[in-house]
Amino acid sequence: MAEAEVDDDVLGKDPTVDLLERRVAELLGKDAALFFPSGTQANQTAMLLHTSPGTEAVCDSESHVFNYEVADAAWLAGVQLNPVESDRGRLTAADVARAIRPGDRHHSRTSLVWIENTHNMHGGVVVPLTTMQSVREMARERELPVHLDGARLWNASAASGIPLSDFAACADTVMVCFSKGLGCPIGSLLAGPQELIDAAWSVRKRLGGGMRQVGILAAAGLWSLDHILPRLADDHARAARLAEGCRLIDGLRPIEPDSNIVMIDITIPGVDAAELARGLEEQGVLLLPAGPARVRAVTHFDVDDEGILKAIEGFRSSLS
Ligand SMILES: Cc1ncc(COP(=O)(O)O)c(C=O)c1O
């Protein structure tokens with residue numbers, strides 16, 4: 001990062017940002033990509049590009065956009081989200097079709113289909129490519145654009161062996177984050193057709209996301225593509241080991257992870273997830289409560305084998 005060649009990216013002149021944008025566009029098989037400070041801003045730029053006020057976007061009921069973006073679809077884009085329940089975030093064509101409005105005088109018009117892969121709050125679930133393809137096919141028949149919230153698409157690809165570009169082909173625009181499993185302090189990209197990414201420039205500027213000598217941050221992204229992306233399978237193996245260890249502890253019921261997120265249910269009545277997380281934090285194990293009786297653990301390159309053992313031991317001693 002310290003050695004990054006930089007220039008003014010608000011003028012489109014930062015060579016390191018340019019390189020990252022070109023590499024990500026190529027990996028995703030899209031014409032172009034644009035660097036953003038956050039996944040939320042890149043997601044909302046897509047929302048603004050695809051929709052118009054008073055219309056609806058169909059998404060999964062546990063999706064990040066529905067639950068954790070502070071109702072920004074409504075606040076910024078004037079869009080109502082239509083959340084549908086699915087089998088652990090694996091939104092099918094039938095799920096989406098049920099939510100599409102009939103296009104009469106009494107309903108808002110459906111303007112966008114939103115997919116999340118991997119699915120964060122369902123525990124890093126990989127939405128199968130075939131499921132995404134059938135959603136894409138159905139959306140195309142209805143002339144609806146598709147946006148893919150791929151904050152952790154890297155993990156979906158690493159877990160399934162399916163190229164990123166195959167998943168990305170199921171959507172018009174794709175958001176990817178460098179600030180999750182790829183370990184960067186900041187940075188997300190929105191990729192898509194050239195004319196949409198050209199339009200995204202102005203939206204990003206309006207949202208305050210134009211940044212000047214930001215190649216220092218893009219350099220972290222480039223490094224992570226070469227050094228962290230190739231080793232994501234290690235995180236997945238460690239997540240599986242963590243789940244295995246927790247399964248042997250009375251009072252815990254981990255959900256078998258697809259990738260690097262382990263949702264662990266607490267089955268002892270009266271043991272509160274927030275309290276358990278606080279207790280583990282005191283032992284140096286960081287988790288997030290994901291409900292009154294559920295904690296969420298994430299593996300990444302800072303968590304080694306010893307860290308997994310420490311986490312399992314932390315659970316055991318906290319619950320004994
Ligand atoms: C699936 C998903 N999408 C989008 C985001 C938003 O990313 P950011 O925190 O960079 O705004 C997150 C953050 O956790 C996420 O999990």
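What follows draws every value from the coordinates through simple rules; no lab data is involved. None of the values given here were measured: they were computed from a predicted structure. Glycine also receives a Cβ, built like all others from the backbone with ideal geometry; neighbour counts cover every protein chain displayed.
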Exercise for review: Enumerate the amide H contacts of Thr55 below 5 Å, restricted to partners 5 or more residues apart or on another chain; note that Pro and chain-start residues carry no placed amide H.
Suggested key: Gln80
**Study point:** Distance in nm between pseudo-label sites at Ser108 and Ser134 (7 Å out along the Cβ direction from Cα)
**Key:** 2.8 nm
Study note, to complete from the structure: Its Cα gyration tensor gives region 106-197 an equivalent ellipsoid whose semi-axes in whole Å, largest first, are 23, 15, 13
Study note, to complete from the structure: Length gained, Glu143-Asn67, 0.36 nm per residue minus C-alpha separation, equals 24.7 nm
Study note, to complete from the structure: So, over other residues within a Cβ distance under 14 Å of Val84, counting Lys, Arg +1 and Asp, Glu -1, the net charge is -3
Review point. Taking Lys13 as the anchor, which aspartates and glutamates have their alpha carbon closer than 20 Å to its alpha carbon, excluding any fewer than eight residues away along the same chain?
Key: Glu3, Glu5, Glu21, Glu26, Asp31, Glu195, Asp198
Revision key, fill the gap. Output for the chain (equivalent-ellipsoid semi-axes, sqrt of 5λ from the C-alpha gyration tensor, Å, descending) is 33, 26, 17
Point to revise | Amide H contacts of Val84 (H built 1.01 Å from N, under 5 Å, at least 5 apart or other chain) | key: Cys59, Asp60, Ser61
Review point. Which order do Thr16, Thr51 fall in if you start with the one that has the fewest other Cβ atoms within 10 Å?
Key: Thr51, Thr16
Review point. Once the Cα gyration tensor of region 215-320 is found, what semi-axes does its equivalent ellipsoid get, as square roots of 5 times the eigenvalues, in whole Å, sorted largest first?
Key: 28, 14, 12
Practice item. Would you order Arg142, Arg316 from fewest to most other beta-carbon atoms within 10 Å of each residue's own beta-carbon? Key: Arg142, Arg316
Practice item. Express in whole angstrom the spacing between the alpha-carbon centres of region 139-168 and region 255-320. Key: 29 Å
Check your understanding: Of Asp9, Asp302, Asp234, how do they rank once you tally other Cβ atoms within 10 Å and put the fewest first?
Key -> Asp302, Asp234, Asp9
Point to revise | For the chain, built as a Gaussian network whose Cα springs stay under 10 Å, the top-fluctuating residue of Leu286, Leu190, Leu229 | key: Leu286
